[in-house]
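What follows is a set of notes on a single structure, which appears directly below.
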Amino acid sequence: QVQLVESGGGLVQAGGSLRLSCAASERIFSRYAMGWFRQAPGKEREFVAAISRSAGSTVYADSVKGRFTISSDNAKNTVYLQMNSLKPEDTAVYYCAAGSAFYISRYFYQYDYWGQGTQVTVSS
């Protein structure tokens, strides 16, 4: 059972930056693709970014492209989401997820394991 723990959320002003971390309980990045999703109150879970097994490829939602960067550190069993130029509409609970049945995916239902989420609030 893979465990994922997110951290790094908080309150930031519009235009600011945050870096989210997702620590895995074991070395999984050679076998699992990783994704970041978010969910705002009253809205459906939304894809943000994903990185393939062994960090060969990345994909982003159009709404964050050019502002957010996903990366992984195999030595630390951690995947990151660097978020720059934050906007109030980025406010949500952010979740990381791991999946092994695909190379890379933006579909939440394909992921096997999920973290508990970390709150990101962007004030205007």
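The values are calculated or read from the model by the stated rules, or taken from the named source; none is laboratory data. All values reported here derive from a predicted model rather than from experimental measurement. Reconstructed Cβ throughout: ideal geometry from the backbone, glycine too, with neighbour counts over all protein chains shown. Protein only, heavy atoms only, side chains kept; ligands, DNA and RNA dropped before computing areas. Shrake-Rupley method; radii C 1.70, N 1.55, O 1.52, S 1.80 Å.
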Fill in the blank from the handout: Screening SER124, SER72, SER105 for residues that are hydroxyl-bearing (Ser, Thr, Tyr), without any contact (Cβ under 8 Å) to a residue 60 or more places away in the chain and out of contact with any Asp or Glu (no Cβ under 9 Å at 6 or more places or on another chain) leaves only SER72
Fill in the blank from the handout: Checked ASP73, ASP62 against criteria (modelled with pLDDT under 95, of a type in the set (Asp, Glu) and closer than 30 Å to ALA14 by Cβ); the one match is ASP73
Fill in the blank from the handout: Of all strands (runs of 3 or more DSSP E) fully inside the stretch 14-96, the set with 2 or more residues that are touching a helix residue (DSSP H, G or I) at 6+ places or on another chain (Cβ under 8 Å) and open to solvent by less than 30 Å² (accessible area, probe 1.4 Å) is 33-39
Problem - the stretch 97-124, residues that are hydroxyl-bearing (Ser, Thr, Tyr) and not in a loop (DSSP other than H, G, I, E, B) - result: TYR109, TYR113, THR118, THR121, SER123
